[in-house]
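In what follows, a structure is listed as structure tokens, so that the remarks can point back to it.
The values are calculated or read from the model by the stated rules, or taken from the named source; none is laboratory data. Keep in mind that what you see is a predicted model, and the values were worked out from it rather than measured. Cβ atoms come from the backbone with ideal geometry, glycine included; neighbour counts cover every protein chain shown. When the accessible area is computed, the model is the full protein with side chains, heavy atoms only, and any ligands, DNA or RNA have been set aside. Shrake-Rupley method; radii C 1.70, N 1.55, O 1.52, S 1.80 Å.
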Amino acid sequence: MSDPKCRPLALTIAPAAPKAPLSAPQRTFNRLSQQIANTERDLQDWERAMADTQQRVITDLLPAQQQYLALRIQLLQQLDGSSQAIKLGNVARETLSQVIVQLAAELIMEYPDDTTLREIHQRHGGAEVMDIESLADFFDFRSGDAAEEVEETATGPESFTDFMERLIKDRLAAQMETLRRERREARGAAAEPVDEAPERPRTGAQKARDTQQAAQAENIRQALRTIYRQLVSMVHPDRETDPERREQKTALMQRANQAYAGKDLLQLLALQQDLGQIDPEALSALAVDHLKTYNQALKEHLARLKARVQDIQQRAAAGMGGPFFAPRSAKGFIRDFEDTLREMRRATAGIQQEMVALQEPTTLKAWLQMQRREIRRQQQMDRDTEMFWGVDEDY
């Protein structure tokens with residue numbers, strides 16, 4: 001996780017005179033400096049949000065999910081018992097069996113090895129439910145250690161839908177890795193290429209661009225190295241005899257090492273300012289070429305930070321079941337988690353109340369009438385969908 005002590009404030013270049021305008025490279029430096037500071041704050045917010053949420057998944061969400069599933073099983077068993085103990089008409093009994101079959105099928109997806117669920121499902125006329133392992137075999141998704149993963153996931157807190165989505169993503173990733181490996185092997189093979197087109201020679205413009213990029217990279221490396229060496233010469237703890245000062249310099253040396261390893265120019269400059277090696281006027285007096293090198297280093301550092309933020313956003317979206325291409329703020333992610341937890345607890349309370357109410361035969365019969373209407377509505381929607389796609393295929 002990012003250390004707030006190592007996160008610099010946005011460094012800015014001030015005009016040489018009160019009303020003197022900044023040059024274009026100076027304005028670029030200030031803009032990039034502010035963007036980096038903002039992105040680092042976002043990254044730190046996301047890291048905190050992920051750490052806090054991961055802990056709450058263990059302490060709050062998973063227990064709530066387990067309680068919800070356990071209550072659904074109890075509700076299924078209660079409805080199955082009511083079908084035998086309570087006198088119902090033919091329509092009500094048929095509706096109750098349909099509700100039981102649907103609920104049992106959903107629970108079998110979560111607990112495929114539970115024979116009691118399958119017995120209830122079959123007793124009320126349910127067709128055979130294909131479990132996760134059968135689906136994995138059907139789609140040919142299992143290979144190597146995937147079998148063990150399917151077995152572990154089948155009884156874990158991960159839902160069936162989440163599992164299948166993850167299985168597909170893992171399969172695609174494995175295919176891409178195989179393709180990349182084959183390409184690497186093909187490039188390294190001694191045999192002459194038969195079907196591969198010969199590599200086109202690079203144009204003069206491409207070679208010039210490569211040379212320029214290499215020169216920029218070397219300039220950045222030299223600039224960072226120069227600042228780092230200046231810092232080391234001042235804060236190296238081995239040259240300090242006073243224990244308290246040695247401890248202070250050790251902390252400063254750690255900051256310098258971390259900044260240099262991360263190619264964090266702003267942090268290195270901030271350390272120089274803190275130690276009095278440079279002042280704001282020194283930044284204003286930087287030569288144009290030197291400042292352009294600094295700006296290129298800032299652009300690359302900003303790109304790395306944004307990639308880290310995007311990566312953590314995608315992991316957060318995957319954890320909440322959202323699309324990868326719709327990143328949210330860290331606060332929005334926490335709100336989504338809280339909403340999910342509240343909905344889970346609300347659904348749990350609803351099942352508890354429903355189980356108490358459905359013990360009364362009159363309430364059960366009225367409830368079955370509502371379920372019958374809902375089944376008919378869903379059947380009509382399915383027919384409308386089939387008609388729509390049937391008509392569409394004629395065009």
Check: Which of the residues spanning the range 249-270 are open to solvent by 80 Å² or more (accessible area, probe 1.4 Å) and either touching a residue at least 60 places away in the same chain (Cβ under 8 Å) or over 23 Å from residue 299 (Cβ atoms) (or both)?
Finding: 254, 258
Next item on the list: Give just the number: which of (1) closer than 18 Å to residue 372 by Cβ; (2) in a helix (DSSP H, G or I); (3) modelled with pLDDT under 90 does residue 92 not satisfy?
Entry: (3)
Checklist line | Matching option when the condition is at pLDDT 90 or above, open to solvent by 80 Å² or more (accessible area, probe 1.4 Å) and of a type in the set (Asp, Glu), among 386, 338, 354, 360 | finding: 360
Notebook entry, point to check: If you go through the range 90-103, how many residues are open to solvent by 50 Å² or more (accessible area, probe 1.4 Å) and among the β-branched types (Val, Ile, Thr)?
Noted result: 1
Next item on the list: Identify all residues within the range 104-121 that are out of contact with any His (no Cβ under 7 Å at 6 or more places or on another chain), open to solvent by less than 20 Å² (accessible area, probe 1.4 Å) and either in contact (Cβ under 8 Å) with a residue 24 or more places away in the chain or within 12 Å of residue 72 (Cα to Cα) (or both); write none if there are none.
Entry: 107, 112, 117, 120
Check: Inside the range 326-364, can you point out the residues that are within 21 Å of residue 49 (Cβ to Cβ) and part of a loop (DSSP other than H, G, I, E, B)?
Finding: 326, 327, 328, 329
Note to self: What's the number of the only condition in (1) without any contact (Cβ under 8 Å) to a residue 12 or more places away in the chain; (2) surrounded by 15 or more Cβ atoms within 10 Å (Cβ to Cβ) that residue 85 fails to meet?
What the structure shows: (2)
Checklist line | Within the range 206-301, helices (runs of 4 or more DSSP H) holding 1 or more residues that are within 36 Å of the chain's Cα centre (by Cα), modelled with pLDDT under 90 and closer than 30 Å to residue 19 by Cβ | finding: 265-274
Next item on the list: Please list, ordered by first then second residue, the pairs with beta carbon atoms under 7 Å, 6 or more apart or interchain, first in the range 372-391 and closer than 21 Å to residue 94 by Cα, second in a helix (DSSP H, G or I) and open to solvent by less than 80 Å² (accessible area, probe 1.4 Å).
Entry: 372/95; 375/95; 375/98
Notebook entry, point to check: For the range 275-315, how many residues meet the condition of being acidic (Asp, Glu) and out of contact with any helix residue (DSSP H, G or I) (no Cβ under 8 Å at 6 or more places or on another chain)?
Noted result: 3
Next item on the list: Name the one entry in 43, 107 that is over 26 Å from residue 359 (Cα atoms), at pLDDT below 95 and not in a loop (DSSP other than H, G, I, E, B).
Entry: 43
